[in-house]
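Accompanying notes for the structure given below.
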Amino acid sequence: MAQYNYKATDASGKNKKGTIDAADRDKAIERLKTEGLTVTDIRDAGEGGSFNFSLKKKVKSRDLSVLCKQMVSILNAGVTVITALEMLSEQLDNKTLKAALIEAKVYVEKGGTLADGFRLNPDVFPPIMINMTAAGESSGSLETSFDRLSTHFEKDDALKGKIKGALTYPIMVMIVAVLVIIVVMVAVIPNFVDMFAEMGTQLPFATRLMMAGSDFVLHKWPLLIIIVAAVVVGFKFFKATPFGELLFAKIAINAPIFKDLVIKSNSASFARTLATLMSAGIPMLDAIEQVAKMMGNKIFRDGLMDAKVQVAKGLPLSKPLKDMEVLPTMLVQMVKIGEETGNIEDMMQKVADLYDREVDLATESLTQAMEPLTMVVLAGIVGLIVAAVYGPILSMYKGIDSM
């Protein structure tokens, strides 16, 4: 028997972690599944457990989209799943995805399903891919499932790209601002320190602040690195706590500048994922649960998990979605129309396309709003530097003129 450290989510979406004894990794996953847990990470206890830092190359939505497209082409040509996995693994550059495909191939060769083979690497293959593959295998339409997955991952990658694009400009401006401050404190302020000391007068607060900062950076930089590292680590740990996660989720959906983009991007992701899962024949309750687990914002995730409970009791999906009070009214109305017409998948696909366009507009608005804001921040930094450097000099000149 071997020990495995695992991370998983239960039926309510809560995160759990612990240690389990099993003959091998597959048995450990099967045992956790029987306990109603969805495994998100499992490692041999000797690998360092939950605190193991992996240097694996991350698998992006773009990589999965290309993989699914290739699977469609190969399977349509009449090639077996095992041969398809072998062919794809040989031509992949992403070592993480390549290793996962080889592991899935070995599992299928032993008689397992492709979906369970993907389930061995939940950090590589997301739940939607595993469930869609399982649905395709059970219905005999694996090519169709991969085709839908390809479209889903492609649009998901486009959505993430839009959000990253909107945040790139302000982040780059802030990085430049920090570098400017460091250069001023290290290379400029020290040249004025002796001159300021010879003045023998009370220096302005801005000058004293910059001098103290310069001295700290020059002579106590190891402590500065420790402080920055402690802040970053503390921030990550706090954000991972239930309270921290909820706090940042509330900030995201209430911040005036970011609110529109966050709500519309989450709405697009919800609609598209739900449409993709239900069009593959996955039951609504399972589809809602999988969509909830994929949502990055805790408020959306918890709201959808509660919606699943309400739907299980017999309520229409539109009712708990409306009660969430964060989803746009149009989305809720489209869900209601889909329920009444019995064609909720098509309605959700239309909603996803609509909010994709809305995300484009929200991204442009965010960029336009961030440009003047970053300019104001830069102007403030430059003003502080000018006041700190030239304030004492101007005071000295005024003193000379008054004599």
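Rule-based calculations on the coordinates, nothing more; no lab input. It should be emphasised that the depicted structure is a prediction, and the values quoted were computed from it without experimental measurement. Neighbour counts run over all protein chains shown; Cβ positions are idealised from the backbone, glycine included.
General observations
- Computed per residue of the chain from DSSP H runs no shorter than four, each worth -39500 (n - 2.57), the mean residue ellipticity at 222 nm is -25000 deg cm²/dmol.
- Shape category assigned to the range 61-155 from the gyration tensor of Cα positions, a/c cut at 1.5: rounded
- Theoretical FRET efficiency, 1/(1+(r/R0)^6), r = Cβ-Cβ of F243 and K110, R0 56 Å, to 0.05: 0.80
- Only one of (1) 171; (2) 181; (3) 145 was calculated from the structure for volume of the Cα convex hull per residue in Å³, and its label is (2).
- Amide H contacts of D41 (H built 1.01 Å from N, under 5 Å, at least 5 apart or other chain): K7
- The peptide list 26-38, 326-338, put in order of mean Cβ contacts within 10 Å with the highest first, becomes 326-338, 26-38.
- 3J(HN,Hα) from dihedral phi, the range 307-314, Karplus parametrisation 6.51/-1.76/1.60, rounded to Hz, x for glycine, proline: 4, 4, 4, 5, 5, 4, 7, x
- Only Cα pairs under 8 Å and 6+ residues apart enter the sum, and on that basis the relative contact order of the range 159-403 stands at 29 percent.
- As a proxy for reagent exposure, D63, D41, D21 were ordered by neighbouring Cβ count within 10 angstrom, fewest first; the result is D21, D41, D63.
- Among H152, H219, the order by Cβ neighbours within 10 angstrom, fewest to most, reads H219, H152.
- Table column - 3J(HN,Hα) (Hz), the range 291-303, Karplus curve with 6.51, -1.76, 1.60, x for Gly and Pro: 4, 4, 5, 8, 6, x, 8, 4, 5, 5, 5, 5, x
- Cα centroid of the range 311-371 to Cα centroid of the range 148-190, whole Å: 28
- Reduced Cα scattering model of the range 124-275, Debye log10 I(q)/I(0), q = 0.09, 0.21 Å⁻¹: -0.58, -1.29
- Using the Karplus relation 6.51 cos²θ - 1.76 cosθ + 1.60 with θ = phi - 60°, the per-residue 3J(HN,Hα) values for the range 94-106 come to 6, 5, 5, 5, 4, 5, 5, 5, 5, 5, 5, 4, 4 Hz, with x marking Gly and Pro.
- Using the Cβ-Cβ distance between K95 and V386 with R0 = 56 Å, the FRET efficiency computed as 1/(1 + (r/R0)^6) comes to roughly 0.65.
- In the range 61-155, Cα pairs under 8 Å separated by at least six residues give a relative contact order of 35 percent.
- The charge dipole of the chain, taken about its Cα centre with unit charges on the Cβ atoms of Lys, Arg (+1), Asp and Glu (-1) only, comes to about 580 debye.
- Residue order, fewest to most beta carbons within 10 Å, for Y390, Y4: Y390, Y4
- The range 283-298 residues near the modelled A11 label - backbone nitrogen below 18 Å, point 7 Å along Cα→Cβ: 283-293
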